Amino acid sequence: MFLQLFVVNKSGGLIYNQNLSSAAPRLNSNDWLRLGSTFHSLHAIAAQVAPVPSSGIEKLETDTFKLQSFQTLTGVKFVITAEAGTPDLGGVLQEIYELYTDYVLKNPFYELEMPIRCELFTLYLEELIERHSNAGGAPGGGGGGGKKPAGQY
Amino acid sequence: MIYNLYIFNRKGKCLYYREWNRPQNTLENAADDGEEQRLMFGMLYSLKEVVTKMSTDPASAGLHALKTDSYTLHHLETGSGLRFVLNTDNNAGDLRPTLRQLYSGIFVEYVAKHPQFNPVDGSPIRLPAFDSRLEEYLRSLACFKS
């Protein structure tokens, strides 16, 4: 089961955060901002202390949850957490990235690097999460893109 | 393939560092040679804070592993705050049992029980028996060279 999602821009600012489950810990907005920028720095430090050339954190495994992050070529990081034992989250992250390009980047009112406030993005994100949760918590499997109406923001 | 191993005490002093394969060290030429170890501890410290914040059960928020595209960091924190950190490539699998054995089977036997070991002052571990037992154990693992 998915727990939380957040998106960090290329300078470490939090631009989106969402709890995906009622089991996820409730964080106030200061905690969220701190979490986003701390993750951004940890990502960079992980590359610095690396024993081999590396581009930074991709996954974390802990007692209670796992975290997976996906960094786009433009430096935006999508970070999702799920309960421990959930299979690979790469597929879901990829689909969220697609939603971001379709409903955030193509939105004429969206300014780059600024917080995401796009109704359709949130709507289709909810639908995506629901679809994957119903598929028995097996993200990335089949399904493909949901119904996406073209030309609407 | 196993790259390197760190042991930290709970105050962040690096008690032990050993490397077997290390193609890259970005802080090799740092003015102060403890720089790299301190950065590693700093990362673990902040990671713990992040993990505690995001955990569904704040009482149990232990980090097991951190994966990047090229290496995996395996992590074990003991009840006394000691941290064992082992870096490997991404094909090593789950090394939690290995770290536990390293702690309870080797560290406790050869370091904690050694009369010269002082758990308080955080001085580096220099015990030849520990070195050789550790070396022997890690070399016996399937993931050491492959």
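The values are calculated or read from the model by the stated rules, or taken from the named source; none is laboratory data. What you see is a predicted model, and the numbers here were worked out from it, not measured in a lab. Note that each Cβ is placed from the backbone with ideal geometry, even for glycine, and that neighbours are counted across all protein chains shown. These area figures cover heavy atoms from the full protein model, side chains too; ligands, DNA and RNA do not enter into them. Shrake-Rupley method; radii C 1.70, N 1.55, O 1.52, S 1.80 Å.
Per residue of peptide B:21-31, the mean number of Cβ atoms on other chains within 10 Å of the residue Cβ is 3.
In square nanometres, what is one fourth of the surface area of the convex hull spanned by the alpha carbons of segment A:2-134?
8.5
Remark: mean inter-chain Cβ contacts per residue of B:52-63 equal 6, using a 10 Å Cβ-Cβ cutoff to other protein chain atoms. FRET efficiency for the pair residue B:140 and residue A:98, taken as 1/(1 + (r/R0)^6) with r the Cβ-Cβ distance and R0 = 51 Å, rounds to 0.65. Phi-derived couplings, Karplus 6.51 cos²θ - 1.76 cosθ + 1.60 at θ = phi - 60°, listed residue by residue for segment B:16-22: 7, 9, 8, 10, 10, 10, 8 Hz, with x used for Gly and Pro.
Please report, in debye to the nearest 20, how large the charge dipole of segment A:2-134 is about its Cα centre when each Lys and Arg carries +1 at its beta carbon and each Asp and Glu carries -1 there.
The dipole of segment A:2-134 has a size of about 360 debye.
Taking 7 Å steps out from each Cα toward its Cβ at residue B:30 and residue B:108 produces label points 3.2 nm apart.
Taken over the alpha carbons of segment B:2-139 as equal point scatterers, the Debye sum produces base-10 log I(q)/I(0) values at 0.11 Å⁻¹ of -0.41.
A crude spin-label estimate for the pair residue A:130 and residue A:31, with each label 7 Å from Cα along the Cβ direction, gives 2.7 nm.
I'd like the mean, over residues of B:66-77, of how many other protein chain beta carbons sit within 10 Å of each residue's own Cβ.
Working: counts 9, 8, 13, 10, 9, 7, 3, 6, 1, 3, 0, 0.
Mean shielding count: 6.
Using the 1.4 Å probe convention, the accessible area of chain A works out to 47 Å² per residue with neighbouring protein chains retained.
For the protein assembly as shown, taking Cα atoms only, Rg and Dmax work out to 21.2, 75 Å respectively.
Under the simplified labelling scheme, the residue B:11-residue B:126 pair shows an inter-label distance of 1.9 nm, with each label point 7 Å from Cα along Cα→Cβ.
Peptides B:118-125, B:95-102 ranked from most to least packed by the mean count of surrounding Cβ atoms within 10 Å: B:95-102, B:118-125. Think of the protein assembly as shown as a dipole: +1 on every Lys or Arg Cβ, -1 on every Asp or Glu Cβ, centred on the Cα centre; then among B:7, A:33, A:55, B:7 lies furthest on the positive end.
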